[in-house]
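In what follows, a structure is listed as C-alpha cells, so that the remarks can point back to it.
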Amino acid sequence: QGAQIIVFPEDGIHGFNFTRSSIYPYLDFIPHSHSGKWNPCREPYLFNDTEVVQRLSCMALKNKIFLVANLGTKQPCERTDPRCPADGRYQFNTNVALAADGTLLATYRKHNLYFEYAFDTPPEPDYAVFDTPFAGKFGMFTCFDILFFEPAVKLIRQYNLKQIVYPTAWMNQLPLLSAVEFQQAFATAFNVNILAANIHHPTLGMTGSGIYTPVKSFIYHNMESYGGKLIVAEIPVVTTDYQTNLESNVRFRENLHDSCRTFTSTSLDDEVCFKEQEETPGRVSEKGKEQSPPSFYAEMMYDNFTFVPVWGEKGELQVCANTLCCYLNYRRAVLTDELYALGVFDGLHTVHGTYYVQACALVKCGGLSFSTCGQEVTDATALIDFQLWGNMSTSYIFPLLLTSGITLDFADHMGWKNNYYFLSKNRTSSGLLTAALYGRWYEKD
C-alpha cells in the first residue's frame with residue numbers, strides 16, 4: 001500500500017503472562033549502544049541470539065519499509081553492578097527501529113513498566129530517536145511511558161520532535177484513559193503526529209490504535225471481535241513548534257474577553273465567557289432564587305472526585321478541590337434522560353501506578369443516581385455545547401473529548417488565558433461521553 005513506515009504493538013511477538021525465567025528463551029541479545037551500523041539481516045553472524053531482530057530486519061529490507069517492533073531483550077551484567085539482578089542479566093521490554101535497508105537505527109528500553117515482572121527498568125532512561133528521509137526525526141517510547149515526564153516529555157522537548165512511534169499494550173480505562181482518547185490528547189497537547197499500535201486483545205480490554213495528527217485521527221477501536229486492523233493513512237509532517245501549542249493560545253480566538261455576558265443566543269458564543277468575580281462555590285444565579293446544585297463525591301478511575309450534577313437545559317457550574325477549580329458553561333440541544341456531572345480531582349493517583357493528576361471532567365454517569373458517576377460508559381445521546389475551564393497549576397494539559405461508541409471529536413477552541421486552560425465545543429458529532437482537561441503535574445509525582 002506504499003507505506004513508508006510500519007509500527008507493531010507492544011508484546012505482539014511474545015505475548016503475555018511470563019515470569020522472569022519463562023520469557024528467557026524468547027529474549028534476543030541486542031547490543032544497546034553499538035558503535036557503527038549493524039544490519040541484522042545481512043550480518044547475522046555478528047552477535048548470537050538475534051533471531052527475532054534478524055527476521056524483523058529482513059522484513060524491513062525485503063519490503064523496503066522502515067519498521068518499528070517490540071520484543072524482549074537480554075543483556076548480561078557484572079556482579080559489581082549494584083543494579084545487576086541475581087541471575088546476572090538484565091531483561092528489557094525493547095523497541096527496535098529498522099531502516100528500509102534493514103539497518104538497526106535505534107533501540108528503546110521501556111522505562112515505566114506496568115506490572116511486568118519479567119522485565120527490568122533500565123538503569124538510565126533511554127532517549128531513542130531515529131532519522132527518516134520522509135518525515136525527519138522520530139522519537140520512540142512504549143505504553144505506560146506516555147503518562148510520565150521521563151522519558152516521553154523530555155524526549156520531545158530535548159529533540160524538538162514532531163513524530164512519535166508508540167507500540168503499546170494498553171488496557172482501556174474509561175472515562176479518562178481509553179487508548180484512542182489519550183493518544184489523541186497527547187498528539188494535540190504536544191502538537192506531534194503519533195503512530196500508535198495497540199495490541200488487539202478485547203478480553204484484556206486492550207484495543208484502540210491510531211494514526212494521530214494534532215487535528216485529525218485515523219483510529220480503530222473494537223471491543224466486539226478478535227479481528228485486528230491495519231490502519232494506513234497519509235498524514236502531513238508537523239512543522240510548527242509544540243511550545244506554541246502548549247504555552248500560548250494557538251487555535252484560539254484573539255477576541256477573548258475577561259468577562260462577557262452569559263449565553264443568550266441559542267448556541268454558545270465563540271468568546272469564552274468568564275466572570276472573575278464569581279469565585280465562591282455556593283453561587284446564587286441571576287434571578288437570586290435558584291441555589292447551586294449539590295456537590296457529591298464518587299470514585300472515578302480509583303480517585304475520589306468531587307462532582308456537581310449537570311442539570312437542566314443550560315447553566316453555569318463550578319466545583320473545586322485543593323487548589324483546583326473547574327468551571328463549566330453548558331447548553332443542551334435536547335433534554336435527554338441522562339445524568340451528567342462535572343468532576344474535579346487534584347491529588348496523587350496511587351492505584352496501578354503513582355502519579356499526580358489535576359483533572360476537570362464533564363462525564364456521563366452510568367445511571368441516574370450520583371453513585372454511578374465515574375463509571376465506565378460507552379454510549380450517550382446528549383448533544384451538549386460547552387465551555388470547560390480550570391485554573392490548572394501545570395502546563396501539561398491533555399484535552400480529552402470522547403463521544404458515543406468510543407469515537408473522537410475535536411474541540412473548537414482550546415488553550416491558555418490568564419492562568420486558566422479552556423476547552424470549548426459547539427455541538428459534538430454524537431452523544432458526549434467525556435470532555436475533560438487531564439493535567440499531569442509531574443513535579444509532584
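Nothing in this text is a laboratory measurement; each read-out follows from the coordinates by a stated rule. For clarity, every value in this text was computed on a predicted model and none was experimentally measured. We place every Cβ from the backbone using ideal geometry, glycine too, and count neighbours over all the protein chains shown.
Scanning residues 5 or more positions from Phe398 or on other chains, those with amide H under 5 Å from its amide H are Tyr438, Gly439, Arg440, with H placed 1.01 Å from N in the peptide plane. For the chain, a Kirkwood radius taken over Cα pairs fed into Stokes-Einstein (4 °C, viscosity 1.567 mPa s) yields D = 56 µm²/s. The translational diffusion coefficient of the stretch 183-228, from Stokes-Einstein at 37 °C and 0.692 mPa s with a Kirkwood hydrodynamic radius over alpha carbon pairs, comes to 299 µm²/s.
Computed over the Cα atoms of the stretch 5-239, pair by distinct pair, the Kirkwood hydrodynamic radius stands at 18.1 angstrom.
So, R0 is 30 Å and r is the distance between the beta-carbons of Arg157 and Thr80; what FRET efficiency does that work out to, to 0.05?
Details: r = 34 Å, r/R0 = 1.15.
Efficiency for this residue pair is about 0.30.
Modelled spin labels at Lys229 and Asp337, positioned 7 Å past Cα toward Cβ, are 3.2 nm from each other.
Overall, the chain carries a charge dipole of about 660 debye about its Cα centre when +1 sits on the Cβ of Lys and Arg and -1 on the Cβ of Asp and Glu, all other atoms neutral.
Highest mean packing first, where packing is the average number of other Cβ atoms within 10 Å per residue, the peptides 75-84, 393-402 line up as 393-402, 75-84. With semi-axes defined as the square roots of five times the eigenvalues of the C-alpha gyration tensor, the equivalent ellipsoid of the stretch 296-444 measures 22, 17, 14 Å, largest first.
Close amide H pairs (under 5 Å, H built 1.01 Å from N) link Ala100 with Phe66, residues at least 5 positions away or on another chain.
Spin-label model, Val237 to Lys137: label points 7 Å out along the Cα-to-beta-carbon direction sit 1.3 nm apart.
Under a 5 Å amide H cut-off, with hydrogens placed 1.01 Å from N, Gly415 pairs with Phe422 among residues at least 5 apart or on other chains. When the convex hull of its Cα atoms is viewed from all sides, the stretch 1-94 shows a mean projected area of 7.3 nm². Here the Gaussian network model covers the chain, with springs between Cα atoms less than 10 Å apart; of Ser371, Ser178, Ser209, Ser371 fluctuates the most.
To the nearest ten degrees, helix 179-190 and the longest principal axis of the Cα atoms of the chain are 90 degrees apart. Using the structure shown, list the pairs from Lys162/Lys216; Lys364/Lys444; Lys37/Lys74 with a Cα-Cα distance above 26 Å, or answer none. From the list (Lys162/Lys216; Lys364/Lys444; Lys37/Lys74), the Cα-Cα distance tops 26 Å for Lys364/Lys444.
Shown in residue order for the stretch 12-17 are the 3J(HN,Hα) couplings computed by the Karplus curve 6.51 cos²θ - 1.76 cosθ + 1.60 at θ = phi - 60°: x, 7, 9, x, 10, 6 Hz (x for Gly and Pro). Among the trypsin sites (Lys or Arg not before Pro) within the stretch 16-66, those in coil by DSSP and having at most 13 neighbouring Cβ atoms inside 10 Å are Lys37, Lys64. Phi angles of the stretch 412-429 translate, via the Karplus equation with coefficients 6.51, -1.76, 1.60 and θ = phi - 60°, into HN-Hα couplings of 6, 9, 7, x, 8, 8, 6, 6, 10, 9, 10, 9, 9, 8, 9, 6, 5, 5 Hz per residue; Gly and Pro are given as x.
FRET efficiency for Glu43 and Tyr420, Cβ-Cβ distance as r, R0 = 56 Å, nearest 0.05? Provide the component values of the computation, followed by the final result.
Values: r = 57 Å, r/R0 = 1.01.
Efficiency for this residue pair is about 0.50.
Comparing Asn63, Asn193, Asn391 in a Gaussian network model of the chain where C-alpha atoms under 10 Å apart are linked, the largest mean-square fluctuation is found at Asn63.
Rounded, prolate or oblate: pick one for the stretch 56-159, where a ≥ b ≥ c are the square roots of the eigenvalues of its C-alpha gyration tensor, a/c under 1.5 means rounded, and failing that, prolate if a/b is larger than b/c, else oblate. Taking the square roots of the gyration eigenvalues as a ≥ b ≥ c, the stretch 56-159 is oblate. Helix-only arithmetic for the chain: the sum of -39500 (n - 2.57) across DSSP H runs with n ≥ 4, divided by the residue total, places the mean residue ellipticity at 222 nm at -2500 deg cm²/dmol.
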